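S.K.: One structure, pasted below without further comment.
The values are calculated or read from the model by the stated rules, or taken from the named source; none is laboratory data. This is a predicted model, so every value here is computed, not measured. So basically every Cβ, Gly included, is an ideal-geometry build from the backbone, and we count neighbours across all protein chains shown. With ligands, DNA and RNA removed, areas are computed over all heavy atoms of the protein, side chains included. Shrake-Rupley method; radii C 1.70, N 1.55, O 1.52, S 1.80 Å.
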Amino acid sequence: MKRNIFFTLAACLVMLLTSCSKDVDLAGTTWQANYSNTSTIEGTEGSVSVDMTLNFKDEINYSMTVNSTVTVMGQTMPGEVVNEDGTYTFDGENGMFDGEQPFTYHKDNKTITTTIELDAEDAEMFGSDHITLTFKQKK
């Protein structure tokens, strides 16, 4: 009887541990997010557009490329292309870029979201104190 209880508990523990394992592996995947917004600064309307490509190089390293443009008074100016490398952690649902920027993987629609808090100057340009980015996996 004791032996059956032990094996039952052991089987339950194994099932519990395997059900918590990572459902998705980000290593080697590439994701794309686009953001655009129009705001008025000191009476002048302008728009900003940002395209971000996120590449999960392996289990802990990522790279991101950011392309942006700003349009003011009919003039469109490209921003500087920014390439950034960093590290991430991921538990199958929640993650953290560089130990400070949280992100969430949504199984239902297979997207990654992150909300970036903006300083006062950027908040004026973006028309909000934060922006939420939704990344979709590139095929």
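S.K.: Taking E84 and the conditions (1) closer than 19 Å to D23 by Cα; (2) open to solvent by 50 Å² or more (accessible area, probe 1.4 Å); (3) without any contact (Cβ under 8 Å) to a residue 60 or more places away in the chain, which numbered condition does it fall short on, given that it satisfies the others?
M.R.: E84 satisfies every listed condition except (1).
S.K.: Now, a different point. Does N61 fit the bill of being in contact (Cβ under 8 Å) with a residue 24 or more places away in the chain, under 13 Å from the mean Cα position of the chain (by Cα) and surrounded by 12 or more Cβ atoms within 10 Å (Cβ to Cβ)?
M.R.: The answer is no for N61.
Residues are listed down the side, and each one gets a yes or a no for (1) at pLDDT 90 or above; (2) open to solvent by less than 40 Å² (accessible area, probe 1.4 Å); (3) within 23 Å of T113 (Cα to Cα); (4) not β-branched (V, I, T):
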site	(1), (2), (3), (4)
L13	no, no, no, yes
L16	no, no, no, yes
C20	no, no, yes, yes
L26	yes, yes, yes, yes
S36	yes, no, yes, yes
T44	no, no, no, no
N55	yes, no, yes, yes
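S.K.: Just to be sure before I move on: is T71 under 19 Å from the mean Cα position of the chain (by Cα), surrounded by 10 or more Cβ atoms within 10 Å (Cβ to Cβ) and of a type in the set (S, T, Y) in the structure I sent? Write out each step before concluding.
M.R.: Values: under 19 Å from the mean Cα position of the chain (by Cα): no; surrounded by 10 or more Cβ atoms within 10 Å (Cβ to Cβ): yes; of a type in the set (S, T, Y): yes.
No; evaluated as a whole, the condition is false for this residue.
S.K.: Just for strands (runs of 3 or more DSSP E) wholly inside the range 42-81: which have at least 1 residues that are in contact with a Leu (Cβ under 8 Å, 6 or more places away or on another chain) and over 19 Å from I131 (Cα atoms)? Give the derivation first.
M.R.: On the way: elements: 44-56, 61-72, 75-78.
In the range 42-81, the matching strands (runs of 3 or more DSSP E) lie at 44-56, 61-72.
S.K.: Give all pairs with beta carbons closer than 6 Å in which a residue from the range 91-106 that is more than 17 Å from A33 (Cα to Cα) meets a residue that is assigned to a loop (DSSP other than H, G, I, E, B); count only pairs at least 6 apart in sequence or on separate chains.
M.R.: G92/K22; G92/D23
S.K.: Assess whether G92 counts as being open to solvent by less than 90 Å² (accessible area, probe 1.4 Å) and over 14 Å from the mean Cα position of the chain (by Cα).
M.R.: Values: open to solvent by less than 90 Å² (accessible area, probe 1.4 Å): yes; over 14 Å from the mean Cα position of the chain (by Cα): no.
So G92 does not fit the description; no.
S.K.: Limited to the range 107-139, what total is found for residues that are in a strand (DSSP E or B), open to solvent by less than 70 Å² (accessible area, probe 1.4 Å) and touching a residue at least 24 places away in the same chain (Cβ under 8 Å)?
M.R.: The qualifying residues number 6.
S.K.: Among the residues of the range 57-110, write down those that are modelled with pLDDT under 95, of a type in the set (D, E, K, R) and within 20 Å of D122 (Cβ to Cβ).
M.R.: Scanning the range 57-110 gives a single hit, E80.
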